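Undergrad: I'd like to ask some things about the structure below.
Throughout, read-outs are computed from the coordinates displayed, never taken from laboratory work. On a predicted model such as this, the values are computed, not experimentally measured, just so you know. When we count neighbours, we look across all protein chains shown, and the Cβ atoms used for this are built from the backbone with ideal geometry, even at glycine.
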Amino acid sequence: MAGKPDPFIDTNAPWDNATHGNGDHEIGRRIRFLFERLGGQKAAATTDKSIRSLQRYFSGAEPPASVVKALAKATGVSADWILFGGDEPTLQPSGTAGSNQFVYIPKFDAAEAQKVIGNDTTHSSAIAMRESWLRGIGTDPRQAYLLAFGGDSMEPTIRDGDLLLIDRSVEQVIDHGIYVLLVGGRLLVKRVQLRHDGSLVLRNDNPAYEIETVSADEASRLVIEGRVRWFGRTV
């Protein structure tokens, strides 16, 4: 919809299988990362190079200082990060307000998400999202992660392969919403209704699945891994 800000830059992980080093190939990875964030046409215009010339740097060709400086200025990262690596930057293209800052939200599939529960923060991918957009929907970026949903239990609302934004700061049922629950070591995504007596009703949006009721005593021991704040899909 026109005028509505996109919460993402894109869905490619900014550090998939990357290690930080001083080699030309690692510089190439970081240049590709910035190239994809800007878009090919804008990156070419920014650096006064053709798209094909920029793509040569991806595989190890040494970039001139002018290209490094131009990319750094356009994206708000430091030239040192492009050349030497380090912590992943928070992108803020030059000339934009602080509200347009991007932050990296870790992305997991259902199996990887078990590592989050075990406080292992290692992850293989992440997606850059607008910090202002996240805070606008009531989510602290430091408490957020993305989960690739699997199965048909929440159809037609949530489909197999949809990406869920989870707010981990929510550790109890606060409303009639969709939550991620830890049950028997497995993550389950359910629509949860809190009753006045403290019991919970667990629903799947797919009517083929049965409704479950959890007593108030059992509900007090149920582990809530977060509330689903948003979901998206590829069309």
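Undergrad: Going by average Cβ density within 10 Å per residue, which order do the peptides 147-154, 208-215 take, highest to lowest?
TA: Descending packing order for the listed peptides: 147-154, 208-215.
Undergrad: For the pair Ser132/Leu222, report the inter-label distance in nm, with labels modelled 7 Å from Cα in the Cβ direction.
TA: If labels sit at Ser132 and Leu222, their model points lie 3.8 nm apart.
Undergrad: Taking 0.36 nm per intervening residue step and subtracting the Cα-Cα distance, what contour gain separates Ser66 from Tyr209 on full extension?
TA: So the chain would gain 45.5 nm between Ser66 and Tyr209.
Undergrad: Please give the FRET efficiency for Ile51 paired with Arg159, using the beta carbon to beta carbon distance and R0 = 45 Å, rounded to the nearest 0.05. Present the calculation step by step, with values, prior to reporting the outcome.
TA: Details: r = 35 Å, r/R0 = 0.77.
Once rounded, the FRET efficiency stands at 0.85.
Undergrad: Dividing the alpha-carbon radius of gyration of the range 128-196 by 2.2 N^0.38 Å (N being the number of residues), what value is obtained?
TA: That works out to 1.17 for the range 128-196.
Undergrad: What FRET efficiency comes out for Val201 versus His25 if R0 is 41 angstrom and r is the Cβ-Cβ distance? Round to the nearest 0.05.
TA: In this case the efficiency is close to 0.15.
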